[in-house]
Structure formats: C-alpha cells, structure tokens
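The values are calculated or read from the model by the stated rules, or taken from the named source; none is laboratory data. As the structure is a prediction and not an experimental result, all values here were calculated from the model. Quick reminder, even Gly has a Cβ in these numbers, built from the backbone with ideal geometry, and neighbours come from all protein chains shown. Ligands, DNA and RNA are excluded from the accessible area calculation, which covers all protein heavy atoms including side chains. Shrake-Rupley method; radii C 1.70, N 1.55, O 1.52, S 1.80 Å.
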Amino acid sequence: MGLKTKDLLTMDQLSKEEIELILHTAKEMKNILKRDIKKVPTLRGKTVVTLFYEPSTRTRTSFELAGKYMSADVVNISTTTSSVVKGETLQDTGMTLQMMGTDLFIIRHGMSGAPKLLAQTVKAGVINGGDGFHEHPTQALLDMMSIRDKLGDDFKGMKVAIIGDILHSRVARSNVHGLTKMGAEVWTCAPPTLMPAGIEKTGARVTYDINEALHKAQVVMMLRVQLERQKAGLFPTLREYNNLYGLNTKRLSKAAPGALVLHPGPINRGVEISSEVADGIQSVINEQVTCGVAVRMALLYLMLGQKGEQQ
Amino acid sequence: MKYLLKDALVIDPLSGMERIADILVENGLIAAIEDGIDTGQNPVYDLNGKIVAPGFIDMHVHLREPGGEGNETILTGCQAAAAGGFTAVAAMPNTNPCTDNEAVVELIKKRSADVALAEVLPIGTISKKQQGEEISEIGSMYRNGIVAVSDDGKPLINSEVMRRALEYTKLFGIPVISHCEDTNLTAGGEMHEGYWSTILGLKGIPAQGEEVMVARDILLSGMTGGSLHLAHLSTKGSIELLKYALKQGIKVTAEVTPHHLLLTDEELKDYDTSTKVNPPLRSPDHVQAVRKAVIEGIVTCIATDHAPWSIEEKEQEFSKAPNGISGLETAIAVCWDTLVIKEGMEPKDLIARFTTGPAAALGLKRGFIAVGAVADLTVIDPKLIREVDTKRFYSKGKNSPYKGRKLQGWPVMTIVRGEIVMQDGKVKGAQ
C-alpha cells in the first residue's frame, strides 16, 4: 500500500482511500513527535531536497524536520542562493540535483504548474509544496488532520467555511478538492472580486455573505489577504476588508458552538482575523503546525520508506 | 516547363467549379482545364482521388525575421508554409526592428523572393514602433508592397489612433487588421477565464477582453468607412458583434484560427505550454460559436496565427512561456478533420475560407483557378490519415498542441507560380 503515483501534486489527484491512508499514517507519526527522542531510522540513506522558489517558514521547516525525524538527509535550496539566479532552468536544476542522488523533491514555486514540470523531468518523486494559485496539497492534508483530531474522523455533512481571498488561494483550492471528496459541505466566501469563476462546479457552495458562510459552521478556515491585492484594485482598503470579512469574536458566535478556527499562516492580525480569535480557545492554528510535521512525515514514509522496503 | 495534373477533383470556390478534370500547367500559368488532355512526353501527375484547389493563403503568420531568427526565419517559415499547403502568407510586422518602414518591407520582400517558396505578403504596422501613438508611413510601405496594416500582438488601445488609421488607409484600399484586446481587462492573463482557470490556478482572460475591442473597432469602422479585418476571433460575443456589423453594412471581415476551431480550454489541464496562446483557447460554448460562424460563412477566413517558438522559449514554467502555436503545417488537416469530416462542411466552403476569403479581405487578385491565371495551387488528399509528428516540421517552432493527434485530410502538393514546391510532404530544396 502506498500512493498510486510517484508524485503528490494536487488534492484533485488523490482518491478518498489515499487521503484516508495518509491521515491514518500521519496519526501514527504524531506519536513519534510526542516522544522524548524524536528520531526513527526509517528513511536512513534517503535524500530529500527542498527546492523553494518562494519564501516560506512553515512548509519548508516542517518538511525539513519531518525528514530529519525519520533520519533522511535533507538539503534545503532556496533560489536566491542557487544557480537559479544565474538563469538556470527548473528542468536543469532538477536534473542536476537528481544526478546527485535526490530521492524526493519538495518544490514551492510562484507559478502554477511548475511542480508538474519538475515531475515530468525527474525520475525522483515530487511533492508540491504550493504552486501559484493552483494547489497546496500538504496544507489541505494537515488541515484535515487538525479537524479530525478535534472533531473525529467523519467529515460527512460537516460544514466548513473557507473565507477570504479564494481567487488567489492555493490552500482554498486544495481544501475544496480534499474536503468535498471526504463528504464535507464546503462553503467558499469572498468579496465578488476575489471569487474565482466557476468555483461552484468544484462542488463548493458560494456566498459573498460572511454571516451565511459562518452560520452553524463547524470549521472556519480563514485565508490570508495580501496588501498587493488591494493595490491591484480588488478591494478598496484593508480597513474595509476587515469590516466586511474579518473574523472577530462576535462574528464567530454565528458558527456552531465550539467551531474550530483554522488559518494556514502567516496571519495578518487585525485584517482577516482578530488577535482575540487567533489566540482564542477555538483556534487550532498552533495545532495545525504540529499536524503539518506529522502529515509530511507520513508522506515521506509513504513515498520513500515503503518503496524502499519493496525493492 | 510544362506538366499535367491528371484526374483531380478541381474545386474553385470563386467560379463554383467542382468537377474532375486535367489541368495543364505551362510557364507558371494554368494553360488549360479540360478532360483528357494529352501532353505527350511532358510529366504527368496522377491526382485521382485528390482535390486541386486554388493556392491557399494564410493571412496571419509570424515569420520572426528580422530579429527573431532563433524562432523562425523567412526560409524555415516559407518551408513550413509550402509543407502546409500554403502558396502565400501574410507576415505580421512584429519583427525586430518592426515592419514600420519601407526598408524592412523591402528586406522581407527581397529575402522571401530569394527563398522562392510561398509568396510572402508583408503587413506593416499601424503605428510607429507599434507604440500605438502616431501612425506609421503607411503610404511608403504600401508603395513597397504591404497588403494591410496591423499592430498585432500590441493591441491598439488609443481609439483616436484607431480612428485615424481606419481613415488614412482608405487612401490605399488596404484593411486595418485588429488584434482586439483590452489589455487592462486581460493584464497578466494566461488562459480563458472560467472553470479551468480556477482549477489550474492560472490568471483568467475574460471573453469580454476581446469583445469590448471588437465592438469599438466595428463602431469606428462604421464611422470612418475604413476596411476592418478582425484577427483571430475566439468568442461567442465577437461573432454576435460581427453579425451586427455585417447587418449594418460595415466593411468588416474576420478570421478564426484552426486551434480555436478545435481545441477547448480543457487542453491546458497538464500545463502544456504549446496550448498557451493569445487569444486563449476558450470553453466549448465559444468553440461551437466560432465553428458555426466559419461553417456558415459569417467568418470568411481561416488564418493560422502561426507563432513559432524555439524549444527553449516554450519549455519552461507555463507562466513564463510565450503565447503562440506553430500552425502552418497542421492547419489544413486540423480544419479538414474538424469541419469537413466531423461537421460535414462542404469542401468547397472550407477551401473558400483559405482562398477567396483572405483574398477578398486583403483585396488581392488571387485565390482562384482559371485558364491564364498564375498556377498557385494546393492539392489535398481528403482520405489521407496521418499522425501529427512535430519532428517532421520544417518550422523551427515545434510548439504544436496537436502532437500525436491523428487527423484526416492533408495537403500533398503545393504549387507556386507553376513550380512544385512541395510533394508528399517534402519541400523542394530542403534537407
């Protein structure tokens, strides 16, 4: 048992069974994280390269630690200090690293589809660590794990509200694919200028009204809004955005009692979410980070460890 | 030089001729069209089962020379044209330097004459340096042989300049070819805006990004009486606007590309950069609308917008790759397969879209078959089924979204001024 393909590029590609397998494995991995000595020898002799064309704290570090906890050798490449600044193509960078013995790539890229291009070039596996506005599958998986930890394994009929800049969010797309596949009722909520065309055809519900999105929601997922979107004229000011779409205690009371609040980070306090809510009792933002390591350990295991055992 | 094309189905949309006959070619001209011509010792080409049509005209190609020779040259572009069954191509002026003066027009004429394959009809820019501010020396370029003006690729945003261009070109009787795009609405866009742009996380280009400019240009053409040709229409709304213009008697013609007739935005789902093109591949409702307009003759021209790019240019991240499809060598097969085989379009009508249509749009005396006329001819094998193999392309641009696709109906012979420049896919003089 493992994943059907050598790469994990999208949530769209995963079957329900594969998602179950990853989340189940991640739960076991979380136990390792609770130990005093957080190290297992499973991936000894395996090499993981993180190739990040965009800045990141959470995703890169959690992949790195996931690899190290499992004894893989992890090399981090950030494009600002690599040959990329000399104009090397993505394919050439990938081939070079492959020839040095890379078993698995983690790539983050500002352009949608770049991980696919890398995956087509190299024989090694590729995990998409976020590409453009396309997908961020490991974020969706860690979100799902965080939800399960608190609300139980069954997503069926669970109302999940994803609120914010849906148009530019790879996190939203991956969560819509993943959660609808698992039977959740997913609502997307944004001002009309930040809502992508045809999103309803993915199975998500669409509303511009945050109160409708929040109404009896069991999970509220807030998205980061970037100042550059305001500069592009998609909304007038951050102040007005906060007035219309910011999550505060009063608004959160419309959700189901004990509803979970998630955010992929980094958060803009006082813009899409108030500090009160972000640090409040319903927030699982910190738990998400831990789940992120567990999910990534599970993926490394499923994509590297098992393959090794089979050979 | 004298030879005979024997037993072909001769289809000439202009005269309406559609019958099996022999064509005698002598000294670059059509000497006779009769039954059972006997030429004695002269060569005979048995074209039984094949169609002889007037030489196809592609009124929208990018030959890249001067300036972009890594992507295409006049030689390789003309070889691709000959291989694709085209006897004449109109070359867009976005070269480097751009074709905004008579010197570049001269250069293109001279170099294409040396190549002596398809005839190259230069198009000049509307505005100096394609900057959309002041109109170019259209008169000087016209004297040197331009057939139209266009700022293709750099859409003309300033409506006042467009008005003046439509007025000024009345002096010469040549059309303004408009690439209709409101670059504010389409800024940063990578594909058609809709379900697939959302799924793929690529910036969308709304249909209205094209349509608002189609509407503007139609109104300005109506106001000035200048001839307008709308390049590569791709949306339902553009077709509706075109119908309105034709009903008003406005002097407007239009073209659609083979790729907009066949492919939808779903083709982009693997981020294959050969599907990245401007205007973008649209959703099925738009494809149906442009297809219907071509079949019904509301759109009278099919043009490739041949945009060759080297492998280095195209094989990179989708967002970085330039727009364009290398289209000359697949155009006939794509259209034959899509329109004649699948949609039941009359062969005569499809041939008209490549011959009388573009000839009328550009005001050219070509695109017909008649005794005494120049022997520019395209021979098609309507039964030939072949897979698209980009390795066989003469064009430097292997950027084809049809790779591996099986298509029916291919050009098998191209004759320019009586000279057989392509036979069975092999271009004369090429390696």
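The table below gives the values:
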| read-out | value |
| --- | --- |
| Residue-normalised accessible area of chain B, expressed per residue, 1.4 Å probe, Å² | 36 Å² |
| Chain pair A, B: total accessible area buried, heavy atoms, 1.4 Å probe, Å² | 1500 Å² |
| Residue-span extension gain [B:Ile385 to B:Gln423] - 0.36 nm each, minus C-alpha spacing | 12.1 nm |
| Distance between the stretch A:195-233 and the stretch A:33-98 - C-alpha centres, whole angstrom | 32 Å |
| Carbon and sulfur %, accessible surface of chain B computed with the full protein complex present, 1.4 Å | 49 percent |
| Spin-label pair A:Ser275/B:Arg143, simplified geometry with 7 Å Cα→Cβ offset, distance in nm | 7.6 nm |
| Environment charge at B:Asp7 (Cβ cut-off 10 Å; Lys +1, Arg +1, Asp -1, Glu -1) | -1 |
| Solvent-free Debye scattering, log10 I(q)/I(0), computed from the Cα coordinates of the stretch B:67-160 at q = 0.15, 0.16, 0.17 Å⁻¹ | -0.55, -0.62, -0.70 |
| Rounded Å value of the spacing that divides the Cα centres of the stretch B:127-189 and the stretch B:77-123 | 19 Å |
| Restraint check, A:Lys150/A:Lys250; B:Lys110/B:Lys170; B:Lys365/B:Lys426; A:Lys201/B:Lys391; B:Lys203/B:Lys391; A:Lys4/A:Lys156, Cα-Cα greater than 30 Å | A:Lys201/B:Lys391; B:Lys203/B:Lys391 |
| R0 of 60 Å, Cβ-Cβ distance A:Val40-B:Thr183: FRET efficiency to nearest 0.05 | 0.60 |
| In sequence order, calculated HN-Hα J values of the stretch B:300-306 (Karplus, 6.51, -1.76, 1.60; Hz; x Gly/Pro) | 9, 10, 10, 9, 7, 6, 3 |
| DSSP-defined antiparallel bridges as percent of all bridges, chain B, nearest 5 | 55 percent |
| Rounded D (µm²/s) - chain B, Kirkwood Rh over Cα pairs, Stokes-Einstein at 25 °C, 0.890 mPa s | 114 µm²/s |
| B:Met223-B:Gln131 FRET efficiency (beta carbon distance; Förster radius 22 Å; 0.05 resolution) | 0.40 |
| Relative pair counts by distance (%), Cα atoms of chain A, 20 Å bins | 34, 57, 9 |
| Within a Gaussian network of chain B (alpha carbon springs, distance under 10 Å), most fluctuating of B:Ala165, B:Ala82, B:Ala370 | B:Ala370 |
| Reference-scaled alpha-carbon Rg (2.2 N^0.38 Å with N residues) for the stretch B:288-417 | 1.14 |
| The stretch B:231-315, Rg to Rh (Cα coordinates; Rh as Kirkwood inverse mean 1/r) | 1.03 |
| Shielded by partner chains, the stretch B:175-204 residues - at least 40 Å² of accessible area, 1.4 Å probe, vs chain alone | B:Tyr195, B:Thr198, B:Ile199, B:Gly201 |
| Calculated Rg and Dmax of the stretch A:74-169 using C-alpha coordinates, Å | 16.8, 51 |
| Considering only the protein assembly as shown, percent of DSSP beta bridges that pair antiparallel, nearest 5 | 35 percent |
| Two-decimal Rg/Rh across the stretch B:128-282, once Rg and the Kirkwood Rh are taken from alpha-carbon atoms | 1.00 |
| Tally of Lys pairs whose C-alpha atoms are under 19 Å apart, taken over the stretch A:10-89, 8 or more apart or cross-chain | 12 |
| Residue among B:Ser197, B:Ser150, B:Ser274 with the largest mean-square fluctuation in a Gaussian network model of chain B, springs linking Cα atoms under 10 Å | B:Ser197 |
| Contour excess over end-to-end distance, with Cα ends at B:Asp114 and B:Gln288 and 0.36 nm allotted per residue | 58.5 nm |
| Longest to shortest principal axis, alpha-carbon extents of the protein assembly as shown, angstrom | 98, 61, 46 |
| Burial of 50 Å² or greater, the stretch B:299-346 residues [accessible area, probe 1.4 Å, versus chain by itself] | B:Glu317 |
| Rh by Kirkwood over Cα pairs, then Stokes-Einstein D for the stretch A:67-116 at 0.692 mPa s and 37 °C, µm²/s | 269 µm²/s |
| Over 25 Å (Cα to Cα) - which of B:Lys129/B:Lys269; A:Lys181/B:Lys342; B:Lys50/B:Lys342 fall in this group | B:Lys129/B:Lys269; A:Lys181/B:Lys342 |
| Computed lengthening from B:Ser159 to B:Asp270, 0.36 nm per intervening residue step minus Cα-Cα distance | 36.1 nm |
| Mean separation of Cα contacts under 8 Å, 6 or more apart, over the residue count of the stretch B:1-73: relative contact order % | 33 percent |
| Semi-axis lengths, Å, the stretch A:196-311, gyration tensor of Cα atoms, sqrt of 5 times eigenvalues | 31, 19, 16 |
| Probe 1.4 Å, all protein chains present, accessible-area order of A:Ile267, B:Ile138, largest first | A:Ile267, B:Ile138 |
| For the stretch A:12-20, 3J(HN,Hα) per residue [Karplus equation, 6.51 cos²θ - 1.76 cosθ + 1.60, θ = phi - 60°, Hz, x = Gly/Pro] | 4, 6, 7, 7, 4, 5, 5, 4, 4 |
| Estimated FRET transfer efficiency (B:Glu346, A:Gln282; beta-carbon r; R0 45 Å; 0.05) | 0.10 |
| For B:Lys50, residues with placed amide H under 5 Å, excluding near neighbours | B:Leu9 |
| Whole-angstrom gap from the stretch B:261-321 to the stretch B:21-49, using each part's C-alpha centre | 39 Å |
| Accessible area in the full protein assembly, largest first, 1.4 Å probe, for B:Trp309, B:Trp410 | B:Trp309, B:Trp410 |
| Listed residues B:Thr378, B:Cys335, B:Tyr244: farthest to the positive end of the dipole of chain B (Cβ charges) | B:Thr378 |
| Residues whose placed amide H lies under 5 Å from that of A:Thr188, excluding near-sequence neighbours | A:Ile162, A:Arg205, A:Val206, A:Thr207 |
| Value of Rg/Rh across the stretch B:1-130 [Cα atoms, Kirkwood radius] | 1.10 |
| Under 5 Å, built H, 5+ apart or other chain: amide partners of A:Val261 | A:Val220, A:Ser283, A:Val284 |
| Per-residue HN-Hα couplings for the stretch A:143-152 [Karplus 6.51, -1.76, 1.60; θ = phi - 60°; Hz; x = Gly/Pro] | 5, 5, 5, 4, 5, 4, 4, 9, 10, x |
| Buried on assembly, the stretch B:239-283 (at least 20 Å² less accessible surface than by itself, 1.4 Å probe) | B:Asp270, B:Tyr271 |
| Projected label distance in nm at A:His215 and A:Lys86, using a 7 Å step from Cα toward the beta-carbon | 6.0 nm |
| Normalised per residue, the volume of the convex hull around the Cα set of the stretch B:175-234 (Å³) | 69 Å³ |
| Most mobile listed residue (B:Lys251, B:Lys391, B:Lys243) in chain B, GNM with C-alpha springs under 10 Å | B:Lys391 |
